[in-house]
Amino acid sequence: MKEINNFLPEKEFSDIKEFFTNSWMPWFYNKHQTKDLKEDSSFFNHKFVYNGEITSNLFHIVKPVVDKIKHSKLLSVRANLVLNRGKQTLSNFHVDWPTKHKVSIYYITTSNGFTLLDPKDKTKIKCEENKLVTFDGEILHAAASQTDEDQRIVLNINYI
């Protein structure tokens, strides 16, 4: 696992954060965070890339992040929004993509939510804005919701 703080220059980061935290960002409701049989909490997302194809005319918003990540092929790029539920919940442990790949999570907001890697090791990654975390896509991970802020927003990038 690798963490990079202050991943983007301040101006690029503030433009991205401004877009994702305002009312013009189109979010789509999902009943569950994972496709696991065990149900977990709902969330909102926006798919920019799926199965290597750009699926959103707003891809240019996330391009500064994607361009800084060394990849030969994008599998998926998705923004995730979890609203404050008043209690901390944890998604199911999961992998994002069925093939060998890398995962980068770009944190757009800061909160007491976090990402948990490996259900045995339980490496905890703090949700700190403008930070990029990269890990092997075969590592099970889970998202913990926040109780201190209204929104937890991350960009989830899967690639080869």
Subject >> Under 16 Å from the Cα of K102 - aspartates and glutamates, other chains or at least 8 residues apart >> reply: E3, D67, D118, D136, E138
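Can you give the Rg to Rh ratio of the range 98-160, both from alpha-carbon atoms, with Rh computed by the Kirkwood formula?
Working: Rg = 11.7 Å, Rh = 12.0 Å.
That ratio is 0.97, to two decimals.
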Original post:
If you find the alpha carbon centre of the range 47-89 and of the range 105-121, how far apart are they in angstrom?
Top reply: 16
Subject >> Accessible surface of the range 1-142 [probe 1.4 Å, protein heavy atoms]: carbon and sulfur percent >> reply: 52
Subject >> Local electrostatic count at L58 - Lys and Arg +1, Asp and Glu -1, tallied over other residues with Cβ under 14 Å >> reply: +1
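Enter the accessible area per residue of the chain (Å², integer; probe 1.4 Å; all protein chains in place). If you can, show how the numbers build up before the last one.
Values: 8550 Å² over 160 residues.
On a per-residue basis, the chain sits at 53 Å².
What number in nm² do you get for the chain if you take the convex hull of its Cα atoms and divide its surface by four? List each step's numbers first, then the result.
Working: hull surface 35.3 nm².
Approximately 8.8 nm², given one-decimal rounding.
The values are calculated or read from the model by the stated rules, or taken from the named source; none is laboratory data. If you're wondering where the values come from, they're calculated on a predicted model, not measured in any experiment. All Cβ positions, glycine included, derive from the backbone under ideal geometry; neighbour counts span all protein chains shown. Only protein heavy atoms, including side chains, enter the accessible area calculation; ligands, DNA and RNA are left aside. Shrake-Rupley method; radii C 1.70, N 1.55, O 1.52, S 1.80 Å.
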